[in-house]
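Engineer: If you scroll down you'll find the structure; I have some questions about it.
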Amino acid sequence: MRSEAVEDFVKAVYMLQQEHELVPTTLLAQTLDITPPSVTDMAKKLSDTERLHEPLLVVKPYRGVRLTPLGEQVALEVLRHHRLLELYLVEALGYSWDEVHEEADRLEHHISERFEARIAEVLGNPVIDPHGDPIPTLEGKLPGQEHLQPLSDWPQDKPGVVVRFLDQAPEKLQYLEEKGLKPGTIIQITKREPFDGLTHVLIDSILHVLSQSTTQSILIAEPR
């Protein structure tokens, strides 16, 4: 049975691999809030071909680490648990979307595959979590979201539907919810300021002004 520390480690590597071909150990230490020597020790354990029949990690000295195919499989399994739990906490237990991440972080290591399957069935086998993040399938595949664009790149005066939020800090989610922004919200850019990156948007017939960092972290698509 894998430890929580191992599952947290491979999940963090997987998430960082979306932007880094090789994940720097210093970045892993910062993400996991552990010391660089602790990262080095864990990386050695998970890449030890003598101790492990199938290592979870490949270490490139002085360059970084990446997951093996088995490591990716483990990370996606943990990610599936996490995102299903987030949605279950919102849909079944009445949690708000800004308070589910930490709860799911604690619970994701302890649910059985049977319980995971039951949650998925009760929720109707969902494909996204409350923040619009894709939920890995049972087969370890991540649904594609290549059709999504940042709101910062979306054409002016063209309606779009909000799908995903990349910045999931609780205070940021509360701020967005106050403006009526959730997955499924229809949004339209009415004006872009030329110098400071501020964007004027229409949400439920109400005008709001969003910062550049906010529009870059909201992914939208064509309404269906």
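All of the numbers you see were taken from the coordinates with simple rules; none came from a lab. This is a predicted model, so every value here is computed, not measured. Cβ sites come from the backbone with ideal geometry, for glycine too, and all protein chains shown count toward neighbours.
Engineer: Is the shape of segment 41-84 best called rounded, prolate or oblate, per the rule: a/c under 1.5 gives rounded, else a/b larger than b/c gives prolate, else oblate, with a ≥ b ≥ c the square roots of the Cα gyration tensor eigenvalues?
Structural biologist: On the way: a/c = 2.62, a/b = 1.74, b/c = 1.51.
Note, shape of segment 41-84 comes out prolate.
Engineer: Read through the labelled values (1) 144; (2) 121; (3) 228 and report the label of the one computed as volume of the Cα convex hull per residue in Å³ from the structure.
Structural biologist: Matching entry in (1) 144; (2) 121; (3) 228: (1).
Engineer: Rounded to the nearest Å, what's the spacing between the alpha carbon centres of segment 1-31 and segment 188-224? Just the number, please.
Structural biologist: 32 Å
Engineer: What angle do you read, to the nearest 10 degrees and between 0 and 90, between the alpha-carbon axis of helix 4-17 and the longest principal axis of the chain?
Structural biologist: It is inclined by approximately 50 degrees.
Engineer: Explain nothing, just the number: relative contact order of segment 1-119, from Cα pairs under 8 Å at least 6 residues apart, as a whole percent.
Structural biologist: 23 percent
Engineer: Considering the chain as a Gaussian network with a 10 Å cut-off on Cα pairs, which listed residue, Gln174, Gln188, Gln18, attains the greatest mean-square fluctuation?
Structural biologist: Most flexible of the set in this elastic network: Gln18.
Engineer: Relative contact order for the chain using alpha-carbon pairs under 8 Å, separation at least 6, rounded to a whole percent?
Structural biologist: 15 percent
Engineer: Still on this structure, I have one more. Counting other Cβ atoms within 10 Å of each Cβ, which GluC sites (Glu not before Pro) in segment 117-146 have at most 16 and sit in a DSSP loop?
Structural biologist: On the way: sites: Glu121, Glu139, Glu146; in loops: Glu139, Glu146.
Of the GluC sites (Glu not before Pro), the ones in loops of segment 117-146 whose Cβ has at most 16 other Cβ atoms within 10 Å are Glu139, Glu146.
Engineer: Sticking with this one: Using Cα-Cα distances under 8 Å and only pairs 6 or more residues apart, what relative contact order does segment 69-194 have, in percent?
Structural biologist: 25 percent.
Engineer: I need the GluC sites (Glu not before Pro) found in segment 5-60, filtered to DSSP loop residues with at most 16 other beta carbons within 10 Å of theirs.
Structural biologist: Passing sites in segment 5-60 are Glu19, Glu21, Glu50.
Engineer: Run the dipole for segment 1-111 about the Cα centre, Lys and Arg Cβ at +1, Asp and Glu Cβ at -1, nothing else charged, and hand back the magnitude in debye, nearest 20. Intermediate values should be presented prior to the final figure.
Structural biologist: Numbers: 11 positive and 20 negative charges, 121 e Å.
With Lys and Arg at +1 and Asp and Glu at -1, about 580 debye.
Engineer: Could you give each residue of segment 117-133 its phi-based ³J(HN,Hα) in whole Hz, using Karplus coefficients 6.51, -1.76, 1.60 with θ = phi - 60°, and x for Gly or Pro?
Structural biologist: Per residue, the Karplus-derived 3J(HN,Hα) values read 5, 5, 4, 4, 5, 4, 7, x, 6, x, 10, 9, 8, x, 9, x, 6 Hz.
Engineer: Here's a follow-up. For each pair in Lys11/Lys141; Lys158/Lys182; Lys60/Lys141, compute the distance between the two Cα atoms and list the pairs where it is over 20 Å.
Structural biologist: Lys60/Lys141
Engineer: So what is the calculated 222 nm ellipticity per residue for the chain, using -39500 (n - 2.57) for each DSSP H run with n of 4 or more, over all residues, to the nearest 500 deg cm²/dmol?
Structural biologist: -12000 deg cm²/dmol
Engineer: Which residue, Ala92, Leu57, Leu123, has the largest displacement toward the positive end of the dipole of the chain when charges sit on each Cβ (Lys, Arg +1; Asp, Glu -1)?
Structural biologist: Leu57
Engineer: Measuring from the lowest to the highest alpha carbon on each principal axis, how far does segment 4-67 reach, largest first, in angstroms?
Structural biologist: Largest first, segment 4-67 extends 28, 22, 20 Å along its Cα principal axes.
Engineer: Using only the C-alpha atoms of segment 55-148, find the volume of their convex hull and express it per residue in Å³.
Structural biologist: Spread over its residues, the Cα hull of segment 55-148 gives 137 Å³ apiece.
Engineer: Give or take rounding to whole Å, what are the principal axis extents of the alpha carbon atoms in segment 140-224, in descending order?
Structural biologist: 43, 28, 25
Engineer: With +1 assigned to the C-beta of every Lys and Arg and -1 to the C-beta of every Asp and Glu, and no other charges, what is the dipole magnitude of the chain about the Cα centre in debye, to the nearest 20?
Structural biologist: Values: 22 positive and 37 negative charges, 98 e Å.
Taking the Cα centre of the chain as origin, the dipole is about 460 debye.
Engineer: Between Gln73 and Asp196, how high is the FRET efficiency from 1/(1 + (r/R0)^6) when r is the Cβ-Cβ distance and R₀ = 35 Å? Nearest 0.05. Kindly include the intermediate steps, with their values, before the conclusion.
Structural biologist: Values: r = 45 Å, r/R0 = 1.28.
It comes out at approximately 0.20.
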